[in-house]
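S.K.: Quick one: structure below, then a few questions.
The values are calculated or read from the model by the stated rules, or taken from the named source; none is laboratory data. Predicted model only: the values in this text are computed from it and were never measured. Neighbour counts run over all protein chains shown; Cβ positions are idealised from the backbone, glycine included.
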Amino acid sequence: MARASSSTPVAGRGSRAVTGGCLTVLTVLILALGSVLAWMAYASHRADTGNTDRREEAQAVVEQKARRAASVTVRALTTAQGDVSREAAEDIVLRHAKDPDLGRGTVAAKVTYAKTPERLTAVALFADGYEVRPAVWGPVRIESATRCYALAFQRDSGTWHAKVTPQPEAACTRRQPITAAAQAAQEALRAITRTSVNRAQVQTLLEPLDGATYEVTTVTGRNHTVTVTALVHTTGDQQCYRFVRRTDSAGEDAVTTTPIAAAHCAD
């Protein structure tokens, strides 16, 4: 009996040691898990803050682009030779009053004209890319900050002025079918391989394209270059374009596209 009772304190101490060891391990695990969760929360907050900052910076760049385009257009209108005609002014606005980084020329601002007071207004989309970085792992992706602006150019006593105002996004997205049609025409015109092509042949190249109709106005060929003017129609919208096909090139510059004043597409 004396021997049996003498083993109980030893067993108790062993049990307490095991229990204490488990509590220590559990405490370490809880602290480690808490540290990981705290780090993940911090990383997520930091990533969200960084992404928000980059998005706001991109939005500021978008506005700067619109104002820079307005300034460049005013300068071009001002330096145009003589009393610039409506057609020439529209060409200048279409060339400059837009985001030069969009669409390789196929994206055209919607330009409207008012006679009194003399005003040309270009409604165009401007964009800038920014990085969206993950909190912990995963790829960095690029998103686009976009905004639609109206750039109004008014001539008072021979001096041009510009006003830039934000517009609803829908005012710019209405032009997407025209852009898509111009891009489709740009690709189709790569099939031209000789400068002796005529108007009927170019019209045939463009007729199979879906979602738009094309009125080919002029076709001229010279020195490995074919220049086509065509009026592109989509539902409720139209735009005149000049397409230049370099028959000696198969690269990105094989066909260049420029939106031009509607008068150039008049028969």
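S.K.: Please name all residue pairs, on different chains or six or more residues apart, with Cβ atoms under 7 Å, provided the first residue is in segment 74-93 and is closer than 14 Å to THR258 by Cβ and at pLDDT 95 or above and the second residue is in a helix (DSSP H, G or I) and among the hydroxyl-bearing types (Ser, Thr, Tyr).
M.R.: Correct list of pairs: ILE92/THR73; VAL93/THR73.
S.K.: A further question on this structure: I'd like the full set of residues that are surrounded by 14 or more Cβ atoms within 10 Å (Cβ to Cβ), out of contact with any helix residue (DSSP H, G or I) (no Cβ under 9 Å at 6 or more places or on another chain) and under 19 Å from ARG246 (Cα atoms), limited to segment 175-191.
M.R.: Those that are surrounded by 14 or more Cβ atoms within 10 Å (Cβ to Cβ), out of contact with any helix residue (DSSP H, G or I) (no Cβ under 9 Å at 6 or more places or on another chain) and under 19 Å from ARG246 (Cα atoms): none in segment 175-191.
S.K.: Now for a separate question. Being charged (D, E, K, R) and at pLDDT below 95 is the filter; apply it to segment 110-127 and report the residue that is nearest to VAL93 (Cα to Cα).
M.R.: ARG119
S.K.: Another question about this same structure. Filter segment 147-157 down to residues that are out of contact with any Leu (no Cβ under 7 Å at 6 or more places or on another chain) and touching a residue at least 12 places away in the same chain (Cβ under 8 Å) and give me whichever is farthest from PHE243 (Cα to Cα).
M.R.: ASP156
S.K.: Looking only at residues in segment 96-116 that are assigned to a helix (DSSP H, G or I) and under 15 Å from the mean Cα position of the chain (by Cα), which one is surrounded by the most Cβ atoms within 10 Å (Cβ to Cβ)?
M.R.: Residue satisfying both the conditions and the ranking: GLY105.
S.K.: Among the residues of segment 192-204, is any in contact with a helix residue (DSSP H, G or I) (Cβ under 7 Å, 6 or more places away or on another chain), surrounded by 16 or more Cβ atoms within 10 Å (Cβ to Cβ), of a type in the set (Ser, Thr, Tyr) and touching a residue at least 12 places away in the same chain (Cβ under 8 Å)?
M.R.: No, that holds for no residue.
S.K.: OK, next. All but one of (1) surrounded by fewer than 20 Cβ atoms within 10 Å (Cβ to Cβ); (2) within 27 Å of VAL61 (Cβ to Cβ) hold for CYS172, so report the exception by its number.
M.R.: The failed condition is (1).
S.K.: For segment 138-163, which residues satisfy the criterion of being surrounded by fewer than 16 Cβ atoms within 10 Å (Cβ to Cβ), part of a strand (DSSP E or B) and of a type in the set (A, V, I, L, M)?
M.R.: Answer for segment 138-163, where residues must be surrounded by fewer than 16 Cβ atoms within 10 Å (Cβ to Cβ), part of a strand (DSSP E or B) and of a type in the set (A, V, I, L, M): just ILE142.
S.K.: Moving to a separate point now. Taking VAL107, is it at pLDDT 90 or above, of a type outside the set (Gly, Ala, Ser) and within 28 Å of THR257 (Cα to Cα)?
M.R.: yes
S.K.: Scan VAL74, VAL84, VAL93, VAL62 and give me the residue that is buried (at least 18 other Cβ atoms within 10 Å of the Cβ), among the hydrophobic types (A, V, I, L, M, F, W, C) and not in a helix (DSSP H, G or I).
M.R.: Sole residue among the options that is buried (at least 18 other Cβ atoms within 10 Å of the Cβ), among the hydrophobic types (A, V, I, L, M, F, W, C) and not in a helix (DSSP H, G or I): VAL84.
S.K.: From the list ALA58, ALA47, which one is at pLDDT 70 or above and either assigned by TED's automatic domain parsing to the domain that holds GLY158 or of a type in the set (S, T, N, Q) (or both)?
M.R.: After applying the criteria, what remains is ALA58.
S.K.: What number of residues in segment 235-267 are more than 17 Å from LEU94 (Cβ to Cβ) and surrounded by 15 or more Cβ atoms within 10 Å (Cβ to Cβ)?
M.R.: Selection size over segment 235-267: 5.
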